[in-house]
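Student: One structure, as C-alpha cells, below. Some questions next.
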Amino acid sequence: MPWQATLIAPGKTVRDAIETIQNSGGQICLVAGDDRVLLGTITDGDVRRGLLNGLDLDTPVEKVMNKKPHSISPNADPAKVQALMKKDLLRQIPAVDEQGRVVGLYHINDFESGQISRNNWVVLMAGGLGTRLKPLTEDNPKPLLPVGDKPILETILEGFIEQNFRKFYISVNYKAAAIKVHFGNGEKWGVEIRYLEEKTRLGTAGALQLIPETPDHPLFVMNGDLLTRVNFQDLLEYHLGHDAKATMCVREYDLQVPFGVVDIKNNRIQDIDEKPLQRFFINAGIYVLDPDLIGLIPEGKQFDMTDLFGRAAEEGHSTAAFPIHEYWLDVGRIDDLEQANLEFDKNFAK
C-alpha cells in the first residue's frame, strides 16, 4: 500500500491506530493533521507499552505516540537511510520536507529483497492430556482436534510459517504417535520438525531440557492448544528491544464483581463500589526465551513456565511482558472448541 495509508489524524483512538498498522502493511502510523505536518509516530511496540501502562483501545493516539520520532529528508542518500535504520534498529523512517510535512516513508523492506527465514527455533507444547475436553480426547490428542478444516496444532504451525519461521520442535507425550504421524519431519510444509519426547510429564518448561543442542538464537515456546493472530516477528523484536532474557505474552482479563464492594476502615463504611470491574493481565501461553535460561530448568522434573520466570527473576535476569490485543483463544474446554469453530473462518480463512 502507499505510504498515505499509514497516516492517521490526531484525536483518533489506539483502536484506529491498530487498524491502520494492520491494514497499511507499513507496521507504523504517522500521526499528522490536515496539513500533513508530522506530529508523531506509533508502532506496535508503542501500542503495547501503552496497554501495559493501563491505557485502553479507546485512548487518543496522542497518549501513545512517539512525539520525537526519527525523520529524514526525502532526498537523503539511500545508503544513509539504511545506515540510520541499522544503527538505531528502525524498521521505518518518515520522510519529511523542510516544513515538516510527511512526503514519504522509508521501510526496511526497501533495502532487503525477498523473505528472510528466521533461525529461531519454535517449541510447540503438545503433550497435554486434554482432560477437560474428554471424551473427544480419548481417541485423539488435543492438538489434533479439528478446528475449521484442520487440527489446532496445524493452524499454529502455519501461523509461524507465514512469518518465515522454519525450525520446529514439538514436545509430545500423550498419544505422541498420532502427532508424529500427522506432522512427520515437516517436509509437507517445507520446514524442519523434530520431536521432544517426554517419557514422564515435564510441565510447560521441563521439556526444554530435552533439546539436544543449545540454540544460537532466542526460541519461541507456545502451548499447542492456542489459536491466535499474534505477530510473532513483532514479539521477537519486542523481546530483543527490551533487552529481556524472557518475554511472556499477556492478555487483559476483566472480572466483574457481581456485588457492591464495601470499603471498611475501623468498622466504618468508607465507600461502596457497585459491581466494580477489575482488570488483570493473564499469562497467554506464548513466550520468547534466551537459550541460556534452559540451564535454569531442572532435569527430569516437572517444571512450568511460571516456575522458570520466577527463577529467572530470582537470579536477576530481566523479564518482559508483551500485551496482546490480537485474536487469542485457549481451546481448553468443549465450549472453547465450539467457539473456535464458529470464529475460525473470520480469523484464519485464507
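The values are calculated or read from the model by the stated rules, or taken from the named source; none is laboratory data. Fair warning: this is a prediction, and the values are worked out from it, not measured in the lab. For neighbour counting, all protein chains shown are included, and Cβ atoms are generated from backbone atoms with ideal geometry for every residue, glycine included.
Student: Among the residues of the stretch 43-63, what is the count of those that are within 23 Å of L236 (Cα to Cα) and either touching a Ser or Thr at 6+ places or on another chain (Cβ under 8 Å) or at pLDDT 90 or above (or both)?
Tutor: Adding up the residues that qualify gives 2.
Student: Right, another one. Being in a helix (DSSP H, G or I) and in the same structural domain as Q209 (by TED's automatic domain parsing) narrows it down to one residue among D273, D307; which is it?
Tutor: D307 is the lone residue from the list that is in a helix (DSSP H, G or I) and in the same structural domain as Q209 (by TED's automatic domain parsing).
Student: Tell me, yes or no, whether the stretch 247-266 has at least one residue that is in contact with a helix residue (DSSP H, G or I) (Cβ under 7 Å, 6 or more places away or on another chain), surrounded by 10 or more Cβ atoms within 10 Å (Cβ to Cβ) and farther than 30 Å from L90 by Cβ.
Tutor: So far as the stretch 247-266 goes, no, none of its residues is in contact with a helix residue (DSSP H, G or I) (Cβ under 7 Å, 6 or more places away or on another chain), surrounded by 10 or more Cβ atoms within 10 Å (Cβ to Cβ) and farther than 30 Å from L90 by Cβ.
Student: For the stretch 177-210, which residues satisfy the criterion of being in contact with a Pro (Cβ under 8 Å, 6 or more places away or on another chain), closer than 26 Å to F348 by Cα and either modelled with pLDDT under 90 or buried (at least 21 other Cβ atoms within 10 Å of the Cβ) (or both)?
Tutor: I179
Student: May I pose another question? Checking A76 against (1) small (G, A, S); (2) in a loop (DSSP other than H, G, I, E, B); (3) loosely packed, with under 13 Cβ neighbours inside 10 Å, which test does it fail?
Tutor: (3) is the only condition that A76 fails.
Student: Right, something else. Across the stretch 92-108, which residue is nearest to Q4 (Cα to Cα) among those that are touching a strand residue (DSSP E or B) at 6+ places or on another chain (Cβ under 7 Å) and among the charged types (D, E, K, R)?
Tutor: That would be R101.
Student: OK, next. Please go through the stretch 135-164 and pick out each residue that is in contact (Cβ under 8 Å) with a residue 60 or more places away in the chain, in contact with a helix residue (DSSP H, G or I) (Cβ under 7 Å, 6 or more places away or on another chain) and hydrophobic (A, V, I, L, M, F, W, C).
Tutor: Matches in the stretch 135-164: L145, V147, I152, L153, F160.
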